[in-house]
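The values are calculated or read from the model by the stated rules, or taken from the named source; none is laboratory data. Here the structure is a predicted model, which means the values were calculated and not measured. Cβ sites come from the backbone with ideal geometry, for glycine too, and all protein chains shown count toward neighbours. To get the accessible areas, we keep the full protein, side chains included, count just its heavy atoms, and leave off ligands, DNA and RNA. Shrake-Rupley method; radii C 1.70, N 1.55, O 1.52, S 1.80 Å.
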Amino acid sequence: MRDDTFVTGDDVRLPYGDRLRDVSPVLVAHGTRTPHGVSVIAEIAEAVGRRIGVTRTAFVDVLGPTPSEVIADLDKPAVLVPAFLASGYHVRKDIPEHVALAGRPDTVVTRALGPDPAIAAVARLRLAEAGWEPGDAVVLAAAGSSDESACGQVYLAARQLESLIGGRVEVGFIATAQPSVPEAIERARRTGRRVVVASHLLAPGLFHQRLQTYGADAVAAPLGPDPRIVDLIITRMRAAISPYRRSPVARTA
């Protein structure tokens, strides 16, 4: 009897015809000096790996390995997932430059993770875990970007979260963009309600540490290795390598 599966590594078996067996998954994150943040990214990659095979990690800042270092040594074409919640500078400029530096034109780069309803669902769970209750004022705190379109994506993420919690969500940025998180908290405080910060960050690090100092009544944890985040990463990969994809932008030149 024919076994219609393919071993990708670590005993993960994908069915014959699954295009993920022909690529090497790479999760690309920002990077942090916080050990817990690094371990969270590793946990996410390991969870993805348990589903589709070995998934490597790379970082665009702070620590290595870099995307160019990882994909240059792969035996198969890389499918590279930007582990960012909006498509800012690192997604639009840094990652393509790393691909070019590696000299691997067969690399495929997926969409960034956000915005997406799955992220909003995890953010709502983290709010509840932090003690949020209906009626509390909420501030969605994002890293910030000089890219206006990336900031616009954060506002879309806020609207998606609003649809789940049934109340207005203010937006604040930790760096670069305006309004700042303290300004957004102050605006929310004028309602006379408790203010809870929803962390629009994938993993702990310096930015999440700052959120604890801004005077909110509660701060939710980053999204972390939630199963819905894992599903979203795999969905991004499958969409990018689909033979039915019409847009050529996922494949770098």
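Numerical summary
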read-out: Residue count, the range 150-166 (criterion: touching a Ser or Thr at 6+ places or on another chain (Cβ under 7 Å) and either under 19 Å from Glu133 (Cβ atoms) or polar (S, T, N, Q) (or both)); value: 1
read-out: Hits in the range 152-177 (condition: at pLDDT 95 or above and under 17 Å from Tyr89 (Cβ atoms)); value: Gly152, Gln153, Val154, Phe173, Ile174
read-out: Selected residue (criterion: surrounded by the most Cβ atoms within 10 Å (Cβ to Cβ)) from residues of the range 41-85 that are touching a His at 6+ places or on another chain (Cβ under 9 Å) and acidic (Asp, Glu); value: Glu69
read-out: Check on Ser163, open to solvent by 80 Å² or more (accessible area, probe 1.4 Å) and small (Gly, Ala, Ser); value: yes
read-out: Number of the condition not met by Ala221 [criteria: (1) out of contact with any strand residue (DSSP E or B) (no Cβ under 7 Å at 6 or more places or on another chain); (2) open to solvent by less than 70 Å² (accessible area, probe 1.4 Å)]; value: (1)
read-out: Hits in the range 153-196 (condition: assigned to a helix (DSSP H, G or I) and without any contact (Cβ under 8 Å) to a residue 12 or more places away in the chain); value: Arg159, Glu162, Glu183, Glu186
read-out: Ala112 among the small types (Gly, Ala, Ser), under 19 Å from Gly205 (Cα atoms) and in contact with a helix residue (DSSP H, G or I) (Cβ under 7 Å, 6 or more places away or on another chain); value: no
read-out: Evaluation of Ala112 against (1) modelled with pLDDT of 95 or more; (2) open to solvent by less than 40 Å² (accessible area, probe 1.4 Å); (3) not hydroxyl-bearing (Ser, Thr, Tyr); (4) not in a loop (DSSP other than H, G, I, E, B) (one fails), failing number; value: (4)
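Here's the yes/no breakdown for (1) of a type in the set (Phe, Trp, Tyr); (2) modelled with pLDDT under 95; (3) in contact with a helix residue (DSSP H, G or I) (Cβ under 6 Å, 6 or more places away or on another chain); (4) within 30 Å of Gln160 (Cα to Cα):
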| residue | (1), (2), (3), (4) |
| --- | --- |
| Thr34 | no, yes, no, yes |
| Ala42 | no, no, no, yes |
| Ala45 | no, no, no, yes |
| Thr57 | no, no, yes, yes |
| Asp61 | no, yes, no, yes |
| Gly64 | no, yes, no, no |
| Asp75 | no, yes, no, no |
| Val79 | no, no, yes, yes |
| Lys93 | no, yes, no, yes |
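Quick grid of which residues meet (1) free of Cβ contacts under 8 Å to residues at least 24 places away in the same chain; (2) outside any helix (DSSP H, G or I); (3) of a type in the set (Phe, Trp, Tyr); (4) buried (at least 20 other Cβ atoms within 10 Å of the Cβ):
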{"site": "Asp94", "(1), (2), (3), (4)": "no, no, no, no"}
{"site": "Ala123", "(1), (2), (3), (4)": "no, no, no, yes"}
{"site": "Pro134", "(1), (2), (3), (4)": "no, yes, no, no"}
{"site": "Val139", "(1), (2), (3), (4)": "no, yes, no, yes"}
{"site": "Gly144", "(1), (2), (3), (4)": "no, yes, no, yes"}
